[in-house]
Each structure stands twice: as C-alpha cells, then as structure tokens.
Amino acid sequence: MAEEQKPTSLEDLDARVTAARAANKQRSGNSGTAAEGKPPMTGLGLAMRIGTELVAAIAVGLAVGYGLDLWLGTKPWLMVAFFFLGSAAGMLNVYRTTAHMGRDDGSGGT
Amino acid sequence: MGDGVAGPLEQFEIKPLVKIQLGSLDISYTNSALWMTIAVAVVTLFLVMGTRQRALVPGRWQSMAEMSYEFVANMLSEQVGSAGKAFFPFVFTLFMFILVGNLLGMVPYSFTFTSHIIVTFGLAFVVFLGVTILGFVKHGFHFLSFFVPKGVPAVMLLLMVPIEILSYLTRPISLSIRLFANMMAGHTMLKVFAGFVIGLGVIGGWAPLALNVVLTGFEILVAFLQAYVFAVLTCIYINDAVHMSH
C-alpha cells in the first residue's frame, strides 16, 4: 500500500484528480465520454456477434414455422416461408447492430 | 485421446453432487449449481468487503467495487438515459453474476456454468420476458406499434411486421447463444491444446503450451467482453422498451 505518500489534504487530492482527468481527456482527443470505461470491441467479438445474430434469426424463423406447421397441419410450407422471414429478420438485426456501432463510436467499431 | 488425458468436452459434464428427486423432476444440486453458488458468494463478498471501509479515498478493494459500480452505471445512463437508474440493480446483478461466472471458469478444475446454453438461455429469457412486460406496463397496447416500422407502405407492412416480430423473438436466442458459444468454444480450445501438450511430450509440447498461455489471456478478455456485451444488450433492450425506439 502507498500509505506513506498520502496527500496532505483531500482538497489537494481533488485538485490533482481534476488535473489528471483534464490531461487524460486532452490526451485521448475528442472521443468524448462514450469511449470511457468501455472495453474495445475486437474484430473477433464483432464477427461472433453478427454471426450469432444471423444464425439465431434463421433458427428462430425455422422453429416458429415448424411450430405453426404442426399446429395448422400445413406441413412444409410455413416452415419454408418462415425460413425466408427469419433470414430477413437476421439481416435486419445485423443491419441494426452495425448501424448502432457506427453511431456509438466514430472509430468504425473495429 | 491418450490414456489418462481428459477429453476436451469432459469439462462440461454435469455431475450431481446431492441427488434430489422431486416427483419425476430431477432437481439435484449439481457442480453447475455449486459454482453458481460460489459465484454469488464471491460477488457478495467482493462488494461487502469492498464497501465496508467506506473511505473517502478508496483502497484497492473499494476502488474495484466502485469501478464495477461506475462501469454499469455509466453503461446504463449512456444507453437508457436517466430512466435507466431504476434498472441498475438488475443489470448490475446480471453483469456481476456473468462476469464472475466467466472468470471462475478460468480457475483450473472449476466448472464454467456460463458454457451451458440452458443457463445462458435462462438468463436471456428473464431479460426478454422482463423487457416485454416492461414495455407493456409502460406503454400498454401501444407497445405493439413497436413492431410496425414507420414510413412503410401498408402493403409492405404485411411482410415487415412478421419480420419485426421474428427479429424481436430472436433476442433471447442470440443473447444466450453468444455467451454460451464464446465460453464453450474458448474452453474447448484450451483443453484441446492442453491435450496436445501431453501428446507431443517434452520435445514438441512447448509450442501448444505457449499457445495455451496466450489463449488463457485471451479467454480472460473474452470473459470480460461477453459479460459486457450481455449487459450492454440488456441495456439496449431496456431502452427499446422504455423509449420504444430501435
């Protein structure tokens, strides 16, 4: 513990913290507060996110179609239809995810 | 696999520790449940010990507890705005539980309960259900207009509304698959390379060992990242339900 180098007073510490924060903000440019305390989104993380988004939507579409088929007795047709709807939903999700990222931080989210 | 070397998937095996049978239901206390209990205990201990001193100038533990608090609080206010404060306890609990669960999985001989899809799906479904109920409570049946995109001709709505509903239903699936797949893939990979170390022996085993060291570091990053992603998506969903905007 750095008990020995305790500041003389809390006001002094407060001043130093404010100064350090200002310096830090200046150094990191005008990235704003949004990037603060946020772990970097790695390329792999982004890829995983988009991949699961697509696959999950198709799976949900197929499951919903299959369930409706069982219920209504229209064996393959609703499943086929919902496969395409699910794919569309997946693309919509991917579009929203990436659009959100582009808006979040100007760095392009790589 | 050679003799004595555990298969890469053996680590995910659920072992009942205390057998409990309730009618036809098997509600045994398993190793998964044990590690969940440990995770809750660790989080509680971490926060209680961290906030015990209540120093104006925080020590290390208090600093870490405050950092986790601020991290989640910032995330909420960023994504949801001032209306998000009410959901802080929920998101914070979720974040800490997943984070500690992921990190406990990095302890040798431990069990990673977040690598089971039923666990992550349970968590994701609680989020999904809660957010849906929240939307209906906040907006009544007006919440259904969430599924009707604006500025779309009436003919296209026939196609767009099912797509929007499917997209909404996808949320718990993609949320749970993302966490589970990341944890399971990472831990399987670690075990596979650990198996190579034994298989290649003293001469060739150093290369996979070095890779395993790198992968371990990477897995710790993934543990943080996935807990963050889960929490931030929860925030986004809460924001959708509160403000009804995509």
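The numbers here are math on the coordinates, done by the rules we state, and not lab data. If you're wondering where the values come from, they're calculated on a predicted model, not measured in any experiment. Methodologically, a virtual Cβ is constructed for each residue, glycine included, from the backbone with ideal geometry; neighbour enumeration extends over all protein chains shown.
If you rank A:TRP77, A:TRP71 by fewest surrounding Cβ atoms within 10 Å, what's the result?
Working: A:TRP77 12, A:TRP71 9.
Going from sparsest to densest Cβ surroundings: A:TRP71, A:TRP77.
Under a GNM of chain B (C-alpha, springs under 10 Å), which listed residue has the highest mean-square fluctuation: B:GLY122, B:GLY204, B:GLY101? Among B:GLY122, B:GLY204, B:GLY101, the largest GNM mean-square fluctuation belongs to B:GLY204. Taking other C-beta atoms within 10 angstrom as a stand-in for reagent exposure, B:LYS150, A:LYS25 fall in the order B:LYS150, A:LYS25, fewest first.
Exposure proxy check: A:MET91, B:MET160 ranked by fewest other beta carbons within 10 Å?
Numbers: A:MET91 15, B:MET160 18.
Ordered by Cβ neighbours within 10 Å, fewest first: A:MET91, B:MET160.
The Cβ shell under 13 Å around B:ALA241 holds other residues with a net charge of +1, Lys and Arg each +1, Asp and Glu each -1.
Once a ≥ b ≥ c are taken as the square roots of the eigenvalues of the Cα gyration tensor of region B:85-165, is the result rounded (a/c under 1.5), prolate (a/b larger than b/c) or oblate (a/b not larger than b/c)? Before the final figure, lay out the partial values.
Values: a/c = 4.01, a/b = 2.20, b/c = 1.82.
Prolate, since a/c reaches 1.5 and a/b exceeds b/c.
In terms of its alpha-carbon gyration tensor, region B:35-122 comes out oblate; a/c meets the 1.5 threshold, while b/c is at least as large as a/b.
At a Förster distance of 51 Å, what's the computed FRET efficiency of B:LEU221 paired with B:MET156, Cβ-Cβ distance as r, to 0.05?
Details: r = 43 Å, r/R0 = 0.83.
Plugging the Cβ-Cβ distance into 1/(1 + (r/R0)^6) gives 0.75.
As a rough guide to protection, the peptides B:171-181, B:29-39 ranked by mean Cβ packing within 10 Å, highest first, stand as B:171-181, B:29-39.
Couplings 3J(HN,Hα) of region B:118-130, computed from phi: 5, 5, 5, 5, x, 4, 5, 6, 4, 4, 4, 5, x Hz, in residue order, whole Hz [Karplus 6.51 cos²θ - 1.76 cosθ + 1.60, θ = phi - 60°; x for Gly and Pro].
Using a Gaussian network model on chain B with a 10 Å cutoff between Cα atoms, which of B:ALA154, B:ALA223, B:ALA55 fluctuates the most? Ranking B:ALA154, B:ALA223, B:ALA55 by mean-square fluctuation puts B:ALA154 first. Quick check: the distance between the Cα centres of region B:178-246 and region B:117-148, to the nearest angstrom? That distance is 27 Å. When the C-alpha to C-alpha distance is required to be over 31 Å, the pairs from B:LYS19/B:LYS191; A:LYS75/B:LYS19; B:LYS85/B:LYS191 that qualify are A:LYS75/B:LYS19; B:LYS85/B:LYS191. For chain B, the mean residue ellipticity at 222 nm estimated from helices alone is -25000 deg cm²/dmol, where every DSSP H run of n ≥ 4 contributes -39500 (n - 2.57) and the total is divided by all residues, rounded to the nearest 500.
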